[in-house]
Each structure stands twice: as structure tokens, then as C-alpha cells.
1. Roughly what percent of Cα-Cα pairs across region 1-44 reach past 17 Å?
2. So what is the calculated 222 nm ellipticity per residue for the chain, using -39500 (n - 2.57) for each DSSP H run with n of 4 or more, over all residues, to the nearest 500 deg cm²/dmol?
3. Translational diffusion coefficient of the chain at 25 °C, 0.890 mPa s, Stokes-Einstein with Kirkwood Rh over Cα pairs, in µm²/s as a whole number.
4. Angle, helix 3-21 long axis vs. longest principal axis of the chain, Cα atoms, 0 to 90°, nearest 10?
5. What are the semi-axes of the equivalent ellipsoid for region 49-119, taken as the square roots of 5 times the Cα gyration tensor eigenvalues, largest first, in whole Å?
6. What is the packing order of peptides 49-56, 77-84, taking the mean over residues of other C-beta atoms within 10 Å and listing the highest first?
7. For the peptides 101-109, 60-68, what is the packing order when you average, over each peptide's residues, the other Cβ atoms within 10 Å and list the highest mean first?
């Protein structure tokens, strides 16, 4: 497996651990619909948090959250709409980003709630 794929998998696991430690229940991981993949679907009380995880080995080229592009957001919204409809959920949906940057042997985790809105 390529090292960037390994870093991405490590980042997703760190994000899951972080969310669980902060009172979230993990509902789904790597949910796919059409061209979209939702990294993590988590729930805390009556909020369904859609989590996009961005992991980088360095912040030299920008913050991880800056790499979530409009087309990806559009695909995520479609996937989540399908997920909520198929599962008959009546919850508030929030789109978050967990940005992870490797700093030497440590990982810096930043949870951005309501990172983007859908229209």
C-alpha cells in the first residue's frame, strides 16, 4: 500500500478514536454512494455528523481542510441525502472536517464543526 494511503487510514482511525473519546457514536465508516465516499458518519445526541477526514504529513502546502473541494462537497451532500432517506432518519445533519497533520512523531487533530453548509 502506498504511504499516502497508509497515512490516510491512520488518520481515519485517529479521527474515529477522537470522536469516540468526545462522546460520538460511530454509525458508519467509508459509506459509499455513487461517486462519493463519506469517511465517517457519527451521531451525538440528535445530530448526525458527517465527517470528512483530511490527513497530511505536513502543513507546508496548506491546511488539510483547504483540500475539501466544492465538487467533493456536492457529492457528499448527495450521498448523505441518500443515506438519511434510505434509513428514514429524522436528525439534524452537520458537515464537519477533522484535519490531521503529522508533526514529527505526533499528530495534531483539529475538529472543525459545521465546516461547510449545503444548499
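A short reminder: the numbers here are calculations on the coordinates, not readings from a lab. Since this is a predicted model, take the numbers as computed values, not measurements. Counting neighbours? That spans all protein chains shown, and the Cβs are built from the backbone with ideal geometry, glycine included.
1. Details: 363 of 946 pairs.
Within region 1-44, distances greater than 17 Å cover 38 percent of Cα pairs.
2. Values: 2 runs with 36 residues, N = 119.
Result for the chain: -10000 deg cm²/dmol, rounded to the nearest 500.
3. Working: Rh = 14.6 Å.
Rounded to a whole number, D works out at 168 µm²/s.
4. Once rounded, the angle reads 60 degrees.
5. So the three semi-axes of region 49-119 are 27, 13, 9 Å.
6. Listed from highest to lowest mean packing, they are 49-56, 77-84.
7. On the way: 101-109: 11.9, 60-68: 13.8.
Going by the mean number of other Cβ atoms within 10 Å, highest first, we get 60-68, 101-109.
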